[in-house]
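Below you'll find the structure, written out as structure tokens, and then a few comments.
The values are calculated or read from the model by the stated rules, or taken from the named source; none is laboratory data. Values in this document were obtained by computation on a predicted structure and should not be read as measured data. Neighbour counts run over all protein chains shown; Cβ positions are idealised from the backbone, glycine included. For the accessible areas, the whole protein counts, side chains as well, though only heavy atoms, and no ligand, DNA or RNA atoms are used. Shrake-Rupley method; radii C 1.70, N 1.55, O 1.52, S 1.80 Å.
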Amino acid sequence: MKRITHWINGEPRIGVGDRHAEVYNPAIGEATGRVDFATAEEVDQAVAAAAGAFTSWRTTSLTKRTRTVFAFRNLVEKHRGELARLISEEHGKVVADADAALGRGLDVVDFACGIPHLLKGEFSENSSSGIDSYSIRQPVGVVAGVTPFNFPAMVPMCLFPVAIACGNTFVLKPSEKDPSASVRLAELWAEAGLPDGVFNVVQGDKAAVDCLLEHADVQAVSFVGSSPVARHIYETATHNGKRVQALGSAKNHMVVLPDANVDRAADAAIGAAYGSAGERCMSISVVVAVGSAADPFVEQVIKRAAELRVGPGDDPLSEMGPLITGQHRDRVARYLDAGVEAGATLALDGRNHQIFGAEGGFWLGPSLFDHVSADMSIYTDEIFGPVLSVVRADTLDSALELVNASPYGNGASIFTGDGAAARRFQSEVQVGMVGINVPIPVPVAYYSFGGWKDSLFGDTHMYGPEGVHFYTRGKVVTSRWAGMEAQGRSLGFPAHT
Ligand code: NAD
């Protein structure tokens with residue numbers, strides 16, 4: 001069985017503690033590896049390596065930092081196929097989907113290659129007589145990243161390229177469910193010439209995370225995962241004086257108006273609801289079908305979803321893979337029971353869907369509930385599986401009211417042919433990422449990614465300009481190199497002359 005280790009100070013480190021977890025191939029339902037869980041001492045060693053490397057990395061020239069990030073970018077591109085297969089083996093998603101997500105991660109690395117431009121400060125000559133004022137942004141120090149299972153490479157790649165390009169050093173604590181990609185990325189960083197200690201990986205669970213949250217030498221924490229954990233991370237790390245961005249759960253709505261192109265909306269919903277078996281924070285899990293849009297939309301989605309080919313991620317014919325664990329598959333199946341009990345119409349039952357895979361895999365086909373109401377658990381809870389709920393609404397007003405009543409505010413989209421309705425939706429909807437005739441509105445890398453309400457604790461979104469801001473501190477210099485002769489003592493507040 002493969003052993004998945006930490007990566008500390010530029011080399012793999014076999015764990016010394018007793019705690020570990022099994023890592024599964026979800027398509028066959030069998031453990032294929034074991035991942036070591038870091039002890040407090042091992043977390044301490046990773047932070048010490050990062051702290052030790054910070055002094056020289058922060059003063060490494062922008063040119064050298066950029067070239068290292070660029071070399072890493074090329075290595076990820078070169079090994080993209082291998083990485084996609086590695087992700088598929090431990091996560092279950094189809095290889096093409098893993099590859100596409102790696103592409104989005106690479107977009108962030110591309111963005112980070114522009115760091116010399118992004119870190120340029122402002123300069124004001126003669127802000128006062130003989131005085132110049134200018135601003136500098138400096139790295140914060142050791143940064144920790146704690147990431148979820150659903151994007152084992154892309155989510156870390158939304159964080160560390162920007163942090164490292166800004167001159168910080170990084171300790172990643174990836175998900176214990178699919179940890180191999182993180183170690184492979186560490187190897188590629190080393191091959192790219194990143195100095196030892198700048199990028200470290202500690203494997204583990206809550207125990208390792210809590211060590212990072214309490215560690216005096218960790219300056220900032222980026223978290224991506226579920227909302228209860230995001231809240232815990234935000235409260236604990238801010239209590240310990242760190243800056244924190246903690247991205248949480250989602251329940252993303254897609255509003256379909258009667259003037260939308262039904263085929264286009266149905267195709268979009270299928271991809272957004274069932275891609276990656278619904279295990280995406282930007283999945284669409286609720287469609288609010290307005291007025292006469294509902295019947296034709298539901299009919300078209302059922303037709304398409306029933307045809308989906310569910311099978312192993314490494315089969316090029318598969319469109320949707322298994323769920324991450326047997327426990328999670330059972331949890332999603334219980335929601336199907338709960339939805340039926342609550343009176344929703346189970347128009348497509350994933351438990352009966354044909355599966356083209358090994359019997360022991362963590363399988364569930366796509367499911368569709370119609371006539372869902374806002375009090376049902378299938379509506380209120382993030383299911384994180386291939387389950388789409390359709391709520392019927394009479395007007396755009398009632399659809400907006402429903403979307404805005406959700407405690408989550410990650411993404412939302414509208415499908416319509418009416419520009420005025422779309423413009424109103426964009427203005428009034430309370431989420432961080434809006435799609436107009438686009439189902440999964442993940443911002444491009446030169447904007448920033450993040451939600452509102454319980455989908456984000458903290459005020460800074462990840463990557464893009466807000467990522468640069470999060471991973472740097474501002475400094476303003478007021479400088480005199482003219483009129484240096486003595487001018488006599490004054491206790492007055494410095495006035496502009
Ligand atoms: P999770 O919250 O269970 O775990 C995320 C990370 O936190 C993992 O590394 C895990 O080991 C660690 N962790 C788990 N419990 C912890 C605890 N009590 N204390 C400290 N650390 C803990 O999330 P998951 O199941 O891996 O991922 C799915 C969730 O992530 C979904 O809720 C999904 O919406 C969310 N997600 C959000 C975004 C976003 O951008 N908002 C992106 C991807 C995933």
| note | By residue number, the members of the range 22-36 that are touching a residue at least 60 places away in the same chain (Cβ under 8 Å) and open to solvent by 20 Å² or more (accessible area, probe 1.4 Å) are TYR24, ASN25, ILE28, GLY29, GLU30
| said: What pairs come out if I take residues in the range 221-233 that are in contact (Cβ under 8 Å) with a residue 60 or more places away in the chain and pair them with residues that are in a loop (DSSP other than H, G, I, E, B) and within 7 Å of the ligand (Cβ to nearest atom) whose C-beta lies under 6 Å away, six or more apart or interchain? | reply: VAL224/THR147; VAL224/PRO148; GLY225/PRO148; SER226/SER249; SER227/GLY248; SER227/SER249; ALA230/GLY248
| task | State whether the residues of the range 146-169 include one that is in a strand (DSSP E or B), more than 20 Å from HIS79 (Cα to Cα) and within 16 Å of the ligand (Cβ to nearest atom). | result | yes
| message | Looking at the structure I just gave you, is THR68 at pLDDT 95 or above, surrounded by 15 or more Cβ atoms within 10 Å (Cβ to Cβ), under 16 Å from ILE164 (Cα atoms) and of a type in the set (S, T, N, Q)? | response | yes
| message | Suppose the filter is out of contact with any strand residue (DSSP E or B) (no Cβ under 6 Å at 6 or more places or on another chain) and away from the ligand (no atom under 16 Å from the Cβ); does PRO366 pass it? | response | yes
| Selection status of ILE440, under 14 Å from the mean Cα position of the chain (by Cα) and open to solvent by 30 Å² or more (accessible area, probe 1.4 Å) | yes
| Just one of GLY105, GLY92 is buried (at least 18 other Cβ atoms within 10 Å of the Cβ) and on the phi > 0 side of the Ramachandran plot; which is it? | GLY92
| query | Give me the pairs: first residue in the range 452-474 and modelled with pLDDT of 95 or more, second residue more than 13 Å from the ligand (Cβ to nearest atom) and small (Gly, Ala, Ser), beta-carbon distance under 6 Å, and six or more apart or on different chains, which are they? | reply | TYR463/ALA445; TYR471/ALA163
| remark: For the range 53-65 the number of residues that are surrounded by fewer than 14 Cβ atoms within 10 Å (Cβ to Cβ) and charged (D, E, K, R) is 1
| task | Determine, yes or no, whether VAL286 is assigned by TED's automatic domain parsing to the domain that holds ASP375 and either in a helix (DSSP H, G or I) or open to solvent by 10 Å² or more (accessible area, probe 1.4 Å) (or both). | result | no
| message | Condition first: open to solvent by 10 Å² or more (accessible area, probe 1.4 Å) and small (Gly, Ala, Ser). Now tell me which residues in the range 249-274 satisfy that. | response | ALA260, ALA268, GLY271
| Tally, over the range 448-492, of residues that are under 24 Å from MET157 (Cβ atoms), more than 14 Å from the ligand (Cβ to nearest atom) and open to solvent by 20 Å² or more (accessible area, probe 1.4 Å) | 4
| said: On the basis of being within 14 Å of the ligand (Cβ to nearest atom) and not in a strand (DSSP E or B), does GLU176 make the cut? | reply: yes
| field | Matching residues in the range 71-89 - criterion: being under 14 Å from PHE151 (Cα atoms) and open to solvent by 20 Å² or more (accessible area, probe 1.4 Å) | value | ARG85, LEU86, GLU89
| Complete set of residues in the range 21-67 that are within 24 Å of the chain's Cα centre (by Cα) and within 14 Å of GLY197 (Cα to Cα) | VAL43, ALA46, VAL47, ALA50
| Count of the range 279-325 residues which are of a type in the set (A, V, I, L, M) and closer than 30 Å to ARG85 by Cβ | 10
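Every residue, every condition in (1) open to solvent by 10 Å² or more (accessible area, probe 1.4 Å); (2) small (Gly, Ala, Ser); (3) away from the ligand (no atom under 12 Å from the Cβ), yes or no:
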| site | (1), (2), (3) |
| --- | --- |
| LEU185 | no, no, yes |
| LEU188 | no, no, yes |
| ASP196 | yes, no, yes |
| VAL201 | no, no, no |
| VAL218 | no, no, yes |
| field | When residues of the range 261-318 are limited to those that are over 27 Å from LEU102 (Cβ atoms) and either within 16 Å of the ligand (Cβ to nearest atom) or among the hydroxyl-bearing types (Ser, Thr, Tyr) (or both), the one farthest from the chain's Cα centre (by Cα) | value | SER292
| Hits in the range 230-260 - residues which are among the charged types (D, E, K, R), outside the structural domain of VAL391 (by TED's automatic domain parsing) and either away from the ligand (no atom under 16 Å from the Cβ) or touching a helix residue (DSSP H, G or I) at 6+ places or on another chain (Cβ under 7 Å) (or both) | ARG243
| query | Do you know which residues across the range 289-310 are outside any helix (DSSP H, G or I) and surrounded by 23 or more Cβ atoms within 10 Å (Cβ to Cβ)? | reply | ALA289, VAL290, VAL310
| task | Say whether the condition of being in a strand (DSSP E or B), buried (at least 24 other Cβ atoms within 10 Å of the Cβ) and without any contact (Cβ under 8 Å) to a residue 60 or more places away in the chain is met by at least one residue in the range 123-145. | result | no
| Which of (1) without any contact (Cβ under 8 Å) to a residue 40 or more places away in the chain; (2) more than 18 Å from MET254 (Cβ to Cβ); (3) of a type in the set (Gly, Ala, Ser) does GLY432 not meet, given it meets every other one? | (2)
| query | Tally time: how many residues in the range 386-407 are surrounded by fewer than 24 Cβ atoms within 10 Å (Cβ to Cβ) and within 16 Å of the ligand (Cβ to nearest atom)? | reply | 2
